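K.L.:
Pasting a structure here, questions to come.
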Amino acid sequence: MKHIHLEGSWIIKAPIDRVFNIVTDFENMPKYFPKVAKSIIVTKREANNLEIDAQVKSFGTILPVKMKTKILPQRGFISDNQSSKFGTSGHEELLLNEVGVGTKINYFYEIDIHKKWLRIIAKPLIGWFAMKAWERAFVNELKKILEK
């Protein structure tokens, strides 16, 4: 399978501006989310458009990822990402909405797998497992930071 769609939504019991400030503070992602990011460097910034070189943690390894990210003020971000190590590219959206008890995160990631060997294991590995791992490493950590 060459294309994988990941999707999830969660409620964070915190105001949207506080959630937005954390999820778009890319330079501090390694501090906030050490299980997700080893390092993130913004190499270019033009208004709300960023180019980012990231070292992300996934499946027990460090992956270099190039990101072209657009920050949507008070709404989240969208990003087109490429990892040459695993031969993947993807479109990621993290969108925020105010709800009665706080902020709802709607997360979408469309991944294209360019390496044939990875396609064999991709669906079970990247599909369900990746979203559960991301929820533990990102969403649960975000809740710890903001739901004090």
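K.L.:
Hey, could you check segment 109-148 for residues that are among the aromatic types (F, W, Y), surrounded by fewer than 17 Cβ atoms within 10 Å (Cβ to Cβ) and under 17 Å from S58 (Cα atoms) and say which is modelled with the lowest pLDDT? Before you say what the answer is, go through the steps one by one.
P.N.:
Step one: list which residues in segment 109-148 are among the aromatic types (F, W, Y), which gives 109, 117, 128-129, 134, 138.
With surrounded by fewer than 17 Cβ atoms within 10 Å (Cβ to Cβ) added as a condition, the list becomes 117, 128-129.
Keeping just the survivors that are under 17 Å from S58 (Cα atoms) gives 128-129.
Details: W128: 61, F129: 73.
So the residue we want is W128.
K.L.:
Another question about this same structure. Within segment 56-73, can you find the residues that are farther than 18 Å from I113 by Cα and modelled with pLDDT under 95?
P.N.:
G60
K.L.:
Mind telling me which of the residues T69, T43 ends up being more than 21 Å from E110 (Cβ to Cβ), in a strand (DSSP E or B) and among the polar types (S, T, N, Q)? Break it down into steps so the answer makes sense when it comes.
P.N.:
Working: T69 fails: more than 21 Å from E110 (Cβ to Cβ).
Exactly one residue qualifies, and that residue is T43.
K.L.:
Which pairs do you get when a residue that is without any contact (Cβ under 8 Å) to a residue 24 or more places away in the chain, found in segment 93-104, comes within reach of a residue that is part of a loop (DSSP other than H, G, I, E, B), reach meaning Cβ atoms under 9 angstrom, with the pair 6+ apart or on two chains?
P.N.:
L95/R75
K.L.:
Could I ask something else about it? Within segment 36-57, can one find any residue that is within 15 Å of A130 (Cβ to Cβ), touching a Phe, Trp or Tyr at 6+ places or on another chain (Cβ under 8 Å) and touching a residue at least 60 places away in the same chain (Cβ under 8 Å)?
P.N.:
Yes: one or more hits.
Residue by residue, here is whether (1) modelled with pLDDT of 95 or more; (2) within 13 Å of the chain's Cα centre (by Cα); (3) closer than 20 Å to I113 by Cα holds:
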residue	(1), (2), (3)
P30	yes, yes, no
E46	yes, no, no
R75	yes, no, no
S83	no, no, yes
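K.L.:
Can you tell me how many residues within segment 26-80 are under 27 Å from A14 (Cα atoms) and hydroxyl-bearing (S, T, Y)?
P.N.:
4
K.L.:
Sticking with this structure for a sec: Can you tell me which residue within segment 1-38, out of those that are among the aromatic types (F, W, Y) and within 12 Å of T103 (Cα to Cα), is surrounded by the fewest Cβ atoms within 10 Å (Cβ to Cβ)? Give the derivation first.
P.N.:
First, pick out the residues of segment 1-38 that are among the aromatic types (F, W, Y): 10, 20, 26, 32-33.
Keeping just the survivors that are within 12 Å of T103 (Cα to Cα) gives 10, 20.
On the way: W10: 15, F20: 21.
Per the stated criteria, the residue is W10.
The values are calculated or read from the model by the stated rules, or taken from the named source; none is laboratory data. Note that the structure is predicted; figures quoted are calculated from it, not measured. Reconstructed Cβ throughout: ideal geometry from the backbone, glycine too, with neighbour counts over all protein chains shown.
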